[in-house]
Amino acid sequence: MTDEATNPSPLPPAPPTTPAPELVAVLDMGASAIRLTVAEISAGGVIRTIEEASRGLLLGRDTFSGGVIRSSTIDATLLALENFRHILDGYGVRHVRAVATSAVREARNMDVFLDRVKRRTGIGFEIINEAEESRLVFLSVQRTLARNPALRGAWTLLAEVGGGSTSLTMLRHGQPNRSAVYALGAIRLRQQLDLRRLSHDVQLSLLNRSIANMIEEIRLDIPLSRVTQMVAIGGDMRFAASQILDAHADEGVKVLTRDAFLAFCEQVERLDEEQVIARFRLPAVEAETLVPSLLIYRTLLSETTAKRLVVVSDASLRAGVLLDVAEPGDRLSAEAFERQVLASAEAVGHKHRFDRAHGRHVAMLATRLFDAFQDDHGLSVRERLLLQVAALLHDIGIYISLRAHHKHTQYLLAASQIFGLSNEEMAIVSNIARYHRRRLPQHSHLPYVALDRDDRLIVDKLAAILRVTNALDAEHLQKVHDIRLLRHAKAWTLEITGTGDLTMEQLAATARADMFVETFGRELVVRPTGAQL
Amino acid sequence: MSGAHSLDASLFINRELSWLAFNERVLEEAADPTNLPLERLKFAAIVASNLDEFFMVRVASLHHATGEGDEAPDVAGLTPAQQLAAVSERAHALVENLYRLVADHLLPALASAGVRIMGWQDLDRAQQAALGVLFRDAILPVLTPLAIDGARPFPLLASLSLNLALRLAPIDGHSGHRLAIVQVPSGLTRLVPLGAAGTFVLLEDVIAAHLAQLFPGQQIVEWACIRLARDAELELDDEGGRTQLEQVERGLRRRRQSDAVRLEINAGASTDLVDQLRAQLDLTPDEVYVVTGPLDLRVLMALTELPGLDALRDAPRQPVDVLADLRQADLFSLLDEQDLLLHHPYESYDPVVALVAQAADDPDVLAIKQTLYRTSIGSSFIESLQRAASRNKQVTVLVEVTARFDEERNIRWARALEEAGAHVIYGVHGYKTHAKICLIIRRTPQGLKRYVHLATGNYNERTARLYTDFGLLTTAPAIAQDATAFFNALTGYSDPPRLKKLVMAPTDLRRRFLALIERERHRAESGQPAEIAAKMNSLIDEEIIAALYAASQRGVRIRLNVRGICSLRPGVPGVSTNIEVVSIVDRLLEHARIYYFLNGGEDEVYLASADWMARNLDKRVELMFPVEQPDHKAKVLSALRAMFRDTTKGRWLGADGVYGRPGPAPGETPFRVQDYLYEQAQRTAALARRRTGVVLEPD
């Protein structure tokens, strides 16, 4: 009883030399509440939750109806955060990471709002995008799933229905395969459908219809019918699990049978908000989200063949942020992370019927070239990954039309979500892919000039590499097996090795070296291995 | 409540009558010749004091109901008017028995030990003369005689104050006797000592002997002592105190001259005097209590505290000094190794006091959060909290400013805490905070550590010696997290949390109790052994009682130790034959709340601040906590089980609503649970000492 260690694993008896654990706080501003976790992170990255607090605040109600957060809601938010500040001060917490999601992200007065928050409470919120949200949520369940292979199916759907959006990640043998965040949330639905004055039955049918519409869209991205296991997280599911199992569901993993869950949904959907409050003694804010959110889970579940619903109770966006704070970037090993990003990218490619062999081949050649003069271009592994993704997907615009397909690629990619990549990174990727052919960047190219200077530079360098290497597989036949960059003082030589006659490839690459020359200030001579100048 | 409503009213005992029955049991202790004289006197004084509260609060509220034409019957089927009638009949009998006992037995027993309250006539001339001087010098200057006539209305006499009522002969030209009132000053000691040690005369008798000086030239026809009880606008809280009613409720009540609910008057007063007073106070004959003996028997309490009479009172019992036995003065180190479950007053309350004191002084303590429902004046808790705040620790104190007459004093120390830098919260809107919890957050080399104290009794060192209560000192992480969340909710920093281990009222406690009772019922229905045992101060809640009846009918064995009010009727064929109710009234006030559920062998033991009363479950912030460590569970359970073995002070409630004391079976050794628990605590401590080895240290 006296051992204070809690999840995720017991605190080892610390030798006296171990530095004292660091206190951190994570805040999450969502569509229906602001939540705080104070935790300790000890040297081994072990996290111990000290305290949790939350304040129900319907930011989403404002954003999803009027597009702005109203001043009364702002005041309530400031008050709630000032109170949280008291909690933080009681512990003397210095390290605070605060994130905000769709309800703030989509509010037109987001900047002014966050500025007021920062000035009043000293807490600086960071807006995270959908893909980052997915990544963080996945982080928080990853360990649980890794420890319990039985909880996974061949195809596992990880779902979190929030107030503003629904985050879905498809896991293939436990690894993220594709993921997306949809504008389907409990508060959002309520606001968009303006349910207040309608009878309960009409409300239900409207809700079900909107959910069904969105599921159509989801099906295009994610093959729900293949799903054999569903993992759900989020407060509403935790609550449902506690009711169905008649047990506390605040910790660990709870498994609900499909039938039990469907029966519970059927019971709950008949209750209006007042009845939900009376029956379950839920706070009004939670009562408001319960029914829509369960309906979304139910619809998702019924699209799958999963026999049961696994509820991972201690997983949440906040838990993910905390893990990220504990070991930034390290929770997912670099290699695993790269694999997941690429798997997710391939899923996007697949959706647009891309030539996978070509995409993969160009990605291979492009990274070879990237690695060959890394000391010169000075870019990191992160940019290398962006190059890979751009190379994989540079041709997806063909799905729309062969003509000007580089432009189609650009906007398709800008609107796509790839696991682990932020919106900013997707903007970079889409530009790199765009310049794989035709004109070089111009001031009239809006997506390009929308980037800041540093990001434009990244695009220039990576697109230069992609242009050349894509040309090496112009025929989509993967004839060039390898490349070697010989750097002489005056000009650089790109030696290509491959099968059969490589003249076509040599000519094409030479023609597409224009951007390379402009960007890196070097002439680039392309020649087959063994050929003489 | 739907379940309760379908039940017959005859299955419930009216709470007011049950409350009177409790005081009859206390009176039994006063009458018990095996108790020592001063202990008996104490019980008598307690009955008197309890009755005062009862009239000012419960009877007053019945008056309100009848005054507003409320005819809705209570759960036992009695309308407010019927309740008033029944209460009056039983209260009159109780008062009569009380006075007879005091006059015939208690005062004579005291007299044979040399302690006497003398009447004026019993004094010799010298004594009377000495008192005459005292009257002139010290009493007369503070008296304000009030004659009542057309121009001077009857004064608004303070509730429970002692007064002399006089009838004065008519002045020439006027007809009829006039009333006059002399208030007996409450600032002077009522027991006026005479020369000989242990001999007293009552202040009102001294004044009465000199009335002529107050009304010179007038003929005093008669005088009598009188005392009023008025609507106190308070509620009783079963913790030896009064709490103020909710603001809203109070706003609805209008102060009225007629809000007197009881008149006490000396026997011997004429019918004329009584009638005249009744007319002035708007009282019915039933509301007049004519008593033979001194009014306000709370005065007896002062006699029990006289020095030199140790042979007449129980020897004081020393609680087990847990800290000395553990030989660990530093509570933090101690609690780092083990949790402590303390049973007061068998075990000392010092660790609780010491924990907060050490927290105030420990530089590594970051924060202390504590509820203070009713604490003693000059409490060392307040002192520690103040010290902690002045050392820049985050101190959060939830104060329930309740006891009306203490309000000013309460506010004074609360302000002092605030000035020292503490965050003082004066209650939660709409709910009284009755939970007893303290949380200390401390930095250690291994990270933050939280120490929690949870209890069934208040943070009050004085009552901790007289009330039986349990307290748990723990560092269990789940409880610590709940405690943190609980305080965040109370301070308004966070929404009410979903708790893991603690159960909180008004949010979840009622539902949890009903679920626990229902679970036993289901077990019984499926043929498993099922058992509930519980200990509390009062059992009134209809919904819980209905659930207990349903469980009993399915074969759940239910044993209840209810000290005070019990609206449940045990032993009713077909309804409650499996329920047993015992009340213990002994020298210590039984105060712990324990709830036990067999749960098919995986038994669960809980301690709580709440009774099974609607008020506790719906209108208060309360906490229940599980006792999970096996030896702690065994300790609580053994105490709970022992309650049902008491053949000396245990009274069993019958289906007829009457409490009986079966006593030990022939040949059986009498068993007295409070003695047993005391000896048990001493034995356990001695055993522990032997195990750890005795260390002799030079002086």
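Assorted remarks:
- Neighbouring partner chain Cβ atoms per residue of A:40-48, average, 10 Å criterion: 1
- B:E604-B:V142 FRET efficiency (beta carbon distance; Förster radius 51 Å; 0.05 resolution): 0.30
- The stretch between A:V202 and A:L477, if pulled fully straight at 0.36 nm per residue, gains 93.3 nm over its current Cα-Cα span.
- The alpha-carbon of B:K432 sits under 19 angstrom from the alpha-carbons of these lysines, leaving out residues fewer than 8 places away in its chain: B:K369, B:K619.
- Whichever aspartates and glutamates have a C-alpha closer than 17 Å to that of A:K351, once near sequence neighbours (fewer than 8 apart) are set aside: A:E216, A:E217, A:D221, A:D395
- Averaged over the residues of peptide B:475-481, the number of Cβ atoms from other protein chains lying within 10 Å of each residue's Cβ is 5.
- Seen against the Cα atoms of chain B and their longest principal axis, helix B:15-31 is set at about 80 degrees.
- Only one residue of A:Q410, B:L277, B:L214 has its Cα farthest out toward the positive end of the dipole of the protein assembly as shown, where Lys and Arg carry +1 and Asp and Glu -1 on Cβ, and that residue is A:Q410.
- Only helices enter the 222 nm calculation for the protein assembly as shown: every DSSP H run of n ≥ 4 contributes -39,500 (n - 2.57), and dividing by all residues gives -13000 deg cm²/dmol, rounded to 500.
- Simple rule: put +1 on each Lys or Arg Cβ and -1 on each Asp or Glu Cβ in region B:55-208, find the dipole, and look at B:A196, B:A86, B:L160; the Cα lying farthest toward the positive end is B:A196.
- Scaling the Cα radius of gyration of the protein assembly as shown by the globular reference 2.2 N^0.38 Å produces a ratio of 1.22.
- Within region A:44-84, backbone nitrogen closer than 12 Å to the virtual label 7 Å beyond the Cα of A:D194 toward Cβ: A:65-66
- Degrees separating the helix A:405-415 axis from the principal Cα axis of chain A, which is the longest one: 20 degrees
- Computed across chain A, the Kirkwood radius stands at 25.2 Å (inverse of mean 1/r, all Cα pairs).
- Pairwise FRET efficiency - B:Q318 versus A:R339, Cβ, R0 = 51 Å, nearest 0.05: 0.10
- For residues of B:444-454, the mean tally of beta carbons on other chains within 10 Å: 5
- Given in Å, the Rg to one decimal and the Dmax to the nearest whole number for the Cα atoms of region B:580-699 are 18.1, 63.
- Positive contributions from Lys and Arg (+1) and negative ones from Asp and Glu (-1), summed over other residues with Cβ under 12 Å from the Cβ of B:S384, come out at -1.
- 29 Å Cα-Cα threshold exceeded, pairs from B:K501/B:K649; B:K449/B:K633; A:K254/B:K393; A:K254/B:K436; B:K393/B:K535; B:K500/B:K633: B:K501/B:K649; A:K254/B:K393; A:K254/B:K436; B:K393/B:K535
- The angle separating the long axis of helix B:80-101 from the principal Cα axis of greatest extent in chain B is about 80 degrees.
- Area projected by the alpha carbon convex hull of region B:530-595, averaged over all directions, nm²: 4.1 nm²
- Radius 14 Å from Cβ of A:V24, net charge of other residues (Lys, Arg +1; Asp, Glu -1): -3
- Multiplying the residue separation of B:H92 and B:S161 by 0.36 nm and subtracting their alpha-carbon distance yields 22.8 nm.
- Given R0 = 30 Å, the distance between the Cβ atoms of B:R415 and A:D75 translates into a calculated FRET efficiency of 0.50.
- The charge dipole of chain B, taken about the Cα centre with unit charges on the Cβ atoms of Lys, Arg (+1) and Asp, Glu (-1), comes to about 1040 debye, rounded to the nearest 20.
- Expressed to the nearest 5 percent, the antiparallel share of DSSP beta bridges inside chain B is 70 percent.
- Added length on full extension, which subtracts the Cα-Cα distance from 0.36 nm per residue, B:D282 to B:A302: 3.9 nm
- Inter-site label distance for B:R683 and B:A130 at 7 Å from Cα along Cβ, in nm: 5.3 nm
Only the coordinates and a few stated rules stand behind these numbers; no lab work does. Everything numeric here is computed off the predicted structure, so don't read it as measured data. Using ideal geometry, Cβ is built from the backbone for each residue, glycine included, and neighbour counts are taken over all protein chains shown.
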